[in-house]
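Where a number appears in this text, it was derived from the coordinates with a stated rule and is not lab data. Just so we're clear, the structure is a prediction, and the values are computed from it rather than from any experiment. Methodologically, a virtual Cβ is constructed for each residue, glycine included, from the backbone with ideal geometry; neighbour enumeration extends over all protein chains shown.
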Amino acid sequence: MADEDRDHSDLSVTRRAFLKGGALATGALSSTLIPTPADAQLPVATESDPRRSVVEMTVNGVAYRKEVPNRTTLLQFLREHLTLTGAKMGCDRAQCGACTVVVNGRNVYSCTTLAVEATGAEVLTIEGLAKGDALHPIQQAFIQHSGFQCGFCTSGQIMTTKAFLDRVPRPTEDEARRAMSGNLCRCAAYKRILESVMTASRLMQA
Amino acid sequence: MAQQQNTTRTLRVIGGDGPVIDAVERVTGQAKYTGDLELPGMLVARVLRSPHAHARIAGIDTSRAEALPGVKAVVTHKDAAKVPIWGNRQRALNEQVRFAGEAVAAIAAVDEETAAKALPLIDVKYEVLPFVLDPEKALEPGAPQLFADGNLEGQPRVLIRGDVERGLAECDRVIERVYHTPTMWSGSMEPRAAIAQWEGNKLTVWASTQAPCRVQTNLTGQFNLPDSQVRVIASYVGGGFGTKSAAHVDETIAALLSRKARRPVKLQYSREEEILDSNTRFETRVYVKVGVKRDMTLHAMDVKAYINQGAYHVRLGGLGNQATHIYRIPHLRTVQYRVHTNVPNTGPTRGVGDPQETFAIDSALDEMAVEMGWDPVEFRLKNVKRNGDPIARGGSGAEDGRLVAQVTDRCLEEGAARIDWSRRSTLPGGGQTGPRARGLGVAVTERGNGGGLAGASVTVNLDGSVVVFYASTDIGTGSRTTLSMIAAETLGVPLASVRAVAGDTEVAPYDGGSYGNRTLYSTGRAVEAAARDCLDDILATAAPMLKASPAEVELGDAVVRVKADASRSLPLRDVMQRRGRSVVGDGSVTQSQAETNVERAAGAHFVEVEVDRETGKIRILRYVSAHDVGQPINVTVVENQIEGGTIQGLALTQAEELRFDARDGRCLNASFLDLKPPTMLDFDARRIEPIVIANIGEQGPYGAKGLGENPCHAGMAAVANAVYNAVGIRLRRVPFTRAEVLRALAEQRPASSRTA
């Protein structure tokens, strides 16, 4: 999806008209470290546009700099701008946890975090957890215990686990249950999710 | 018959355990669900929904919306074919809207913000009509009418056996009760999503559906196309639970927009839309008369049920008449009124009407046991059907079939032993003093297995690797794994060499879909047949290479050998390379009610609860779910299904009721915050103990039975019965909120103490 299409705002008509006027060649100001075909259509800088901001953040170890509408959520930023679709939109209201990612070591609902709020942050998503083909111990544990069925909530479950175990490396089961209670699993694989968290804790100690 | 061959061979793959074969994709974010897909030039769709529970669209002007830059297409009822959605009375977009939240128009635009901005620019003139939400009131004279032929769907569904009036008169004791379940949310974590793309006259739709072929059939009807011109793909599906088991309006709306805009269109429902415009679990009001003889036999049952079908209902629903399959009842009558009202769509949801029916029937039986001073387990064991008993094959009352491979009794016995049923107090409360009291409850469940037309194909490649193609889906039930295991077992190759392609109508033969305990049971039979077809071909190819006849060779561990002389063998890979052509096997099976032998899958649930008399809280201390699963294909998958389904059944006891404003008919709680599906803290899942009863069946692949639905059935009845045993209050309406428990406890106290 072209950013020109996605980043529509009140002023975008003007922007498009401007583009049509042949200003494409100057469209490199809103740069990004990972070029995508979509970026070819990025408009010129709109520093004067108060509805847009430049966000810079590190996602899975890669630094990004992108100009986005202020209203862009972190979830939209990850899914639509960086095509990292592991985090899911389950409710868009911070009520299910399918969108959970780790921001500066904390698990957050990316659907109700603005991308601009994450400026300067270190963001970790499910895509950044494994090291090459080597799965992270949490992922190994979720496989070992079959801590999922349909898998739609799983990225969020795993990212909550990551932030939790980094914070509390040897939790009790009750601590783990409380920590995981912000992530709904409609298939209700809860027993297995809990087992996965506890096993992951042991694997991460090893 | 395949079954006989199976029993002579040791199983190598089937019966194992361990993770599903696509586990890595699911824990790394690589599994792509419909909403994750992007196509070049794709537009984003949004739907305008009716604020009125019942209205006629007197006029609709889309010109202002269409004029907004970035809007590429707007569709209304004028654009939709005058063809109902498959299995439904609803069209994709209707001139008369029948629930608050029904689609009125849709917009495709370059991005979500533009689409959202354009929605209010559509001018709709509604002629607001009176509405009705209550199914019994909807049948009264003068009630608002949803359809020209009235609110009653067809004729009342009647099932009669024996003479119920005479039967009741012959009973020593008859009780009469009413049980109520409300309209309930039953959706999944992944909201509905559909992407439509036209290439000339060829339509491709990626959909979050359980039944790609049903969606395909619907789209061929909507756009007057042959099957060959419509492809539906559902690769990864984020849960379904029945709500995605048929075609729905979203796929057609996406296709209408895409055709008009000449670009691909993605329509993703918000959570609120998913709650309002998917299928909800239908409300039931069940009037039960049960009669017994003094010798503990169940003699007569008279059931009258009102099914609130909402505005539209996918296929014909209602109670499944489970009681007639579970219990021997000489005199029986059930009458079901399926009524349209202005609550949102209903449709099949996990167990369809079985959880609601189990709540009514198994609560009533518990009440009878209490009245008569009988042990509830003993009472059930006395009356449950046993192997060889007559059973109805079809929807009529006639018991023209014979029940086989039935183990309801064993489920009851093993479950009772596990929870130590003998310690149950026969008196409510059992003399427990203090604010908290414990009690035990039981409920029995069962369901049929699959059915209808199932298809699959299997390809053995030149290197000996295997691909299974099937057009039902893996909605989280592990079917990619279990169907691959069936192919591996049948062919004689390791599971690691098999891959399954799920949910693509273009590459696999017709298959009804993944619902009603049927993917493993029915599609699994088709996979077995397709794999056997391949095996025959491979053995015929390999036999001359080994200077033997096809009957003299066998395939095992991916090696073809001469049975009598294992030294004469060829790896499958070599056979395939020398053959120089892939092997393609086809399997299509139709399981119908023509079979005289009827096999069903039984279950019994036992629960120990603790009721807090001061707060009204019901705590689950232990929950034992004993299920006949036939031959378990993958034990881990089986246990995961039982555990998850049990919690979904428990969820019905505490939350998930959809509430409606009596003034305007709008839903009051269309969000996760207000519906409260259970989190990890709401039920302690560690307290759920599955008992897997491996009771080899006759008609499923390798004797497997369906399981997806059953674990969700018995929670409401089992908990209600346990609460009675704990504190002596009878809960006849779900959900069992704390307020409801406290109200019942207050009523239980003598009037003098209440006023004191």
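Pairs to check: B:Lys117/B:Lys676; A:Lys191/B:Lys385; A:Lys191/B:Lys32; B:Lys82/B:Lys244. Give those whose C-alpha atoms are more than 28 Å from each other in this structure. Numbers along the way, then the final one.
Working: B:Lys117/B:Lys676 30 Å; A:Lys191/B:Lys385 33 Å; A:Lys191/B:Lys32 25 Å; B:Lys82/B:Lys244 23 Å.
From B:Lys117/B:Lys676; A:Lys191/B:Lys385; A:Lys191/B:Lys32; B:Lys82/B:Lys244, over 28 Å: B:Lys117/B:Lys676; A:Lys191/B:Lys385.
Of all DSSP beta bridges located in chain B, what percent are antiparallel, nearest 5? Please list the in-between numbers first.
Numbers: 106 of 142 bridges.
About 75 percent, rounded to the nearest 5.
As a footprinting exposure proxy, order A:Leu82, B:Leu256 by other Cβ within 10 Å, with the fewest listed first. Before the final figure, lay out each step's value.
Working: A:Leu82 21, B:Leu256 26.
Ascending number of Cβ neighbours within 10 Å: A:Leu82, B:Leu256.
HN-Hα J couplings of the stretch B:400-405 from phi, Karplus 6.51/-1.76/1.60, θ = phi - 60°, integer Hz, Gly and Pro as x?
9, x, 10, 7, 10, 6
Compute the distance in nm between two label points, each set 7 Å from the Cα along the Cα-to-Cβ direction, one at B:Glu95 and one at A:Glu175.
In this crude spin-label approximation the distance works out to 6.6 nm.
Just the Cα atoms of the stretch B:252-311, one point each, no solvent: what log10 I(q)/I(0) does Debye give at q = 0.17, 0.22 Å⁻¹?
For the requested q values the scattering log ratios are -0.78, -0.93.
How crowded by other chains is B:673-684, given as the mean number of beta carbons from other chains within 10 Å of each beta carbon? Can you show the working numbers first?
On the way: counts 5, 1, 1, 2, 6, 6, 12, 17, 7, 3, 3, 6.
Mean number of neighbouring Cβ atoms from other chains: 6.
Quick one: which of B:73-80, A:189-196, B:560-567 comes out on top by average Cβ neighbours within 10 Å, and what's the full order, highest first?
Values: B:73-80: 20.6, A:189-196: 26.0, B:560-567: 14.2.
In decreasing order of mean packing, B:73-80, A:189-196, B:560-567 become A:189-196, B:73-80, B:560-567.
Could you tell me the extents of the protein assembly as shown's C-alpha atoms along the three principal axes, largest first, rounded to whole Å?
Projected onto its principal axes, the Cα set of the protein assembly as shown covers 93, 88, 60 Å.
Please rank B:Lys705, A:Lys131, B:Lys72, fewest neighbouring Cβ atoms within 10 Å first, as an exposure proxy. Mind dumping the intermediate values first?
Values: B:Lys705 31, A:Lys131 8, B:Lys72 22.
Ascending Cβ contact count within 10 Å gives the list A:Lys131, B:Lys72, B:Lys705.
Given labels modelled 7 Å from the Cα in the Cβ direction, how far is it in nm from B:Ala662 to B:Arg12?
With each label point 7 Å from Cα toward Cβ, the separation is 6.7 nm.
For A:Lys131, which aspartates and glutamates qualify as cross-link partners when the Cα separation must be under 16 Å and same-chain residues fewer than eight apart are set aside?
B:Glu25
Is there a simple number for the mean count of other chain Cβ atoms within 10 Å of the Cβ of residues in B:98-109, and what is it? Provide the component values of the computation, followed by the final result.
Numbers: counts 0, 0, 0, 0, 0, 0, 0, 0, 0, 0, 0, 2.
Averaged over the peptide's residues, the number is 0.
Of the listed peptides A:86-97, B:112-123, B:274-285, what is their order by residue-averaged count of other C-beta atoms within 10 Å, with the highest listed first?
With the highest mean Cβ count within 10 Å placed first, the list reads B:274-285, A:86-97, B:112-123.
Past the 25 angstrom mark, what percentage of all C-alpha to C-alpha distances in the stretch B:206-327 do you count? Mind showing how you got there, number by number?
Working: 3207 of 7381 pairs.
Taking all Cα-Cα pairs of the stretch B:206-327, the fraction more than 25 Å apart is 43 percent.
Quick one: which residues, 5+ away or cross-chain, put their amide H under 5 Å from the amide H of A:Leu114? H built at 1.01 Å from N.
Amide H neighbours of A:Leu114, under 5 Å, 5+ apart: A:Leu74.
Apply the Karplus curve 6.51 cos²θ - 1.76 cosθ + 1.60, θ = phi - 60°, to the phi angles in the stretch B:736-749 and return the couplings in whole Hz, x for Gly and Pro.
Whole-Hz 3J(HN,Hα) from phi for the stretch B:736-749: 8, 5, 4, 4, 5, 5, 5, 4, 5, 5, 5, 5, 5, 5.
Averaged over peptide A:135-148, how many Cβ atoms belonging to another chain are found within 10 Å of each residue's Cβ? Provide the component values of the computation, followed by the final result.
On the way: counts 4, 2, 0, 1, 6, 2, 1, 4, 8, 3, 3, 12, 5, 8.
Average per residue, whole number: 4.
Return the lysines within reach of B:Lys547: Cα separation strictly under 25 angstrom, same-chain partners fewer than 8 residues apart disregarded; answer none if there are no such residues.
Once the sequence-local lysines are set aside, what remains near B:Lys547 is B:Lys563.
Label points 7 Å out from Cα along the Cβ direction at A:Thr83 and B:Phe147: separation in nm?
4.7 nm
If I take all pairs of Cα atoms in the stretch A:76-206, what percentage of them are more than 22 Å from each other? Display every interim value, and only then the final one.
Working: 2468 of 8515 pairs.
More than 22 Å apart: 29 percent of the Cα pairs in the stretch A:76-206.
If the convex hull of the alpha-carbon atoms of the stretch B:493-611 is projected onto planes in all directions, what is the mean projected area in square nanometres?
Over all viewing directions, the stretch B:493-611 projects a mean Cα-hull area of 13.1 nm².
Going by how many other beta carbons lie within 10 Å of each one, how would you line up B:Lys82, B:Lys676, fewest first? Walk me through the intermediate numbers first.
Details: B:Lys82 7, B:Lys676 19.
Ascending Cβ contact count within 10 Å gives the list B:Lys82, B:Lys676.
Name the shape class, rounded, prolate or oblate, that the alpha-carbon gyration tensor gives for chain B, where a ≥ b ≥ c are the square roots of its eigenvalues, rounded holds for a/c under 1.5, and otherwise prolate holds if a/b is larger than b/c and oblate otherwise. Can you show the working numbers first?
Values: a/c = 1.89, a/b = 1.10, b/c = 1.72.
Note, shape of chain B comes out oblate.
Ranked from highest to lowest mean number of other Cβ atoms within 10 Å per residue, what is the order of the peptides A:134-140, B:184-190, B:387-393? Spell out each step's value before the answer.
Numbers: A:134-140: 20.1, B:184-190: 27.4, B:387-393: 16.1.
For the peptides A:134-140, B:184-190, B:387-393, the packing ranking is B:184-190, A:134-140, B:387-393.
Just to be sure I understand: of the beta bridges DSSP finds with both ends in the protein assembly as shown, what percent are antiparallel, rounded to 5? Present the calculation step by step, with values, prior to reporting the outcome.
Values: 122 of 160 bridges.
Here the antiparallel bridges make up roughly 75 percent for the protein assembly as shown.
Tell me, what HN-Hα J-couplings in whole Hz come from the Karplus equation 6.51 cos²θ - 1.76 cosθ + 1.60 at θ = phi - 60° for each residue of the stretch A:95-104, using x for Gly and Pro?
The phi angles translate into 10, 9, x, 5, 9, 4, 10, 9, 10, 6 Hz.
Report the percentage of all Cα-Cα pairs in the stretch B:398-469 whose separation exceeds 15 Å, rounded to a whole percent.
76 percent
If amide hydrogens are placed 1.01 Å from N in the peptide plane, which non-local residues have theirs closer than 5 Å to the one on B:Arg231?
B:Leu203, B:Thr204, B:Val205
Note down, for the stretch A:137-205, the three equivalent ellipsoid semi-axes (square root of 5 times each alpha carbon gyration tensor eigenvalue), biggest first, whole angstrom. Each step should come with its number before you reach the end.
Working: eigenvalues 57, 31, 20 Å².
Largest first, the stretch A:137-205 gives 17, 12, 10 Å.
Considering amide H positions built from the backbone, and no H for Pro or chain starts, which residues 5 or more places from B:Val104, or on another chain, come under 5 Å of its amide H?
For B:Val104, the qualifying residues are B:Leu48, B:Arg49, B:Ser50.
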